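Structure record follows, encoded as structure tokens.
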């Protein structure tokens, strides 16, 4: 590592990072109510001296795009991008950093040790290493307000140091990632793309150049109602659903037995089929005449989304065909909400090598290029924006979407340092576009 790089890394301000993150966590941003959080990030970007592009996202217009997906009705989605450009407008390399402000609901707040929207700093003596014990808690500190603010802290260290850079840097702060990614799609269609991108999802600072797809689906299973005392005269939609569910478990096993992408070898089931909600019946003593189940269908990295949908539909139809009642009254498959296509970036892409070199020199991450079994906004940058990119951020995704969400303070600082080093190396005057 060069002395000038070390000098920039020494400018990473952990106190500023935690103060900024605490302010962002204090702004609830779930179920489509993300605007105040976006306004907060816009103020931070403005304070860093970046040129702001803040716009009202026209969701009606955006919904006409084939990659649009959303599960939540938003009245006033806001796009926020902060940009730095080399003076003189030289056509140098263009780097994009991307993070989302929306979070999942907090769940039962009584299960939280501290209020979810008041960031708390405390020790966890149960953690195996000293560096992991000092942690911050709150909804979004891991997924992904913490990584987003770590990215901002990394950019701040670079801009405060004033090293020679060429090209441009854009920082996307986006809404709607958790339910389909409309914020990143809007930014990409507005022209905020580059020749390299980092989406700051928590990967433990491993460089993830491939992501699986995840498609929301709804399964509606019919039955025939009857009095519970004469249940044999009815047809239980719940029992028919269980036939289909058991077959989906087998289908998942078959699809994953054929999985051979070494980048996802760490996951025993890289392409899961998960039923998340089941609703059925209207009265305790009645045979349920309908069951509605919703879930997500994992898509392989190289699998076409249309082919994946057709495969699930065919599997459900085949199982219905082997049951006398369902043969005459088949279940219905619908696709709704989040439709996360898979994507990948070539291992020899410059953004991959720069991120790997930063992780290696900082002693973080695992060193190898990996893949992840979940969907993210990376697909919009790669597939629609034609911007090679990786997932690369601090924290363990296995601790997301739960009560007492937390991340180690040292992980956040490491994330800020990693982003700073990527920016320095990607926009170095000696770099190629």
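Every number here is computed from the coordinates shown, using simple stated rules; none is lab data. No experiment lies behind these values; they were computed from the predicted model shown. Backbone-built Cβ (ideal geometry, glycine too); neighbour counts: all protein chains shown.
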Worksheet item: Taking 0.36 nm per residue of separation and subtracting the Cα-Cα distance, what length does fully extending residue 269 through residue 118 add?
Response: 50.8 nm
Discussion item. With a 10 Å cut-off between alpha carbons and a GNM built on the chain, which of 229, 355, 209 moves the most?
Written reply: 229
Practice prompt. Write down the percent of antiparallel bridges among all DSSP beta bridges whose residues are both part of the chain, to the nearest 5.
Written response: 75 percent
Fill in: CD proxy at 222 nm, helix term only [per DSSP H run n ≥ 4: -39500 (n - 2.57); per residue of the chain; nearest 500]
-10000 deg cm²/dmol
Practice prompt. Could you rank the peptides 200-208, 391-399 by their average count of other C-beta atoms within 10 Å per residue, with the highest value first?
Written response: 200-208, 391-399
Worksheet item: For the range 171-262, treating each Cα as an identical point scatterer without solvent, what Debye log10 I(q)/I(0) comes out at q = 0.20, 0.22, 0.23, 0.25 1/Å?
Response: -1.09, -1.18, -1.22, -1.29
Item to complete: Among 173, 126, 357, determine the one that fluctuates most according to a GNM of the chain built with springs between C-alpha atoms less than 10 Å apart.
Response: 126
Fill in: the chain: angle of helix 305-321 to the longest principal axis, Cα-based, in degrees nearest 10
20 degrees
Item to complete: Read through the labelled values [x] 67, 44, 43; [y] 80, 43, 39; [z] 80, 44, 43 and report the label of the one computed as Cα extents along the principal axes in Å from the structure.
Response: [z]
Worksheet item: By counting other Cβ atoms within 10 Å of each Cβ, how are 1, 119 ranked from fewest to most?
Response: 1, 119
Fill in: 19 Å tail of the calculated P(r), the range 292-433, as % of Cα pairs
66 percent
Worksheet item: Taking R0 as 30 Å, what's the FRET efficiency between residue 322 and residue 284 from their Cβ-Cβ distance, rounded to 0.05?
Response: 0.50
Worksheet item: For the range 87-129, how big is Rg over Rh, using alpha carbon atoms and the Kirkwood form of Rh?
Response: 1.28
Response to the item:
With the convex hull built on the alpha-carbon atoms of the range 214-338, volume per residue in Å³ sits at 107 Å³
Response to the item:
Listing 172, 302, 192 by rising number of other beta-carbon atoms within 10 angstrom, fewest first, gives 302, 192, 172
Worksheet item: Expressed as a rounded percentage, what relative contact order does the chain have, with Cα pairs under 8 Å and six or more residues apart?
Response: 26 percent
Worksheet item: Can you give me the relative contact order of the range 214-338 as a percent, contacts being Cα pairs under 8 Å and 6 or more apart?
Response: 40 percent
Discussion item. Test of understanding: in a Gaussian network model of the chain with alpha carbons linked when under 10 Å, which of 420, 310, 60 would top the mean-square fluctuation ranking?
Written reply: 60
Practice prompt. Kindly identify the range 93-187 as rounded, prolate or oblate by the Cα gyration tensor criterion: order the square roots of the eigenvalues as a ≥ b ≥ c, call it rounded if a/c is under 1.5, otherwise compare a/b with b/c, prolate if a/b is larger, else oblate.
Written response: oblate
Discussion item. So, R0 is 22 Å and r is the distance between the beta-carbons of residue 404 and residue 33; what FRET efficiency does that work out to, to 0.05?
Written reply: 0.50
Practice prompt. For helix 35-47, report the angle its Cα long axis makes with the longest principal axis of the Cα atoms of the chain; keep it between 0 and 90° and round to the nearest 10°.
Written response: 20 degrees
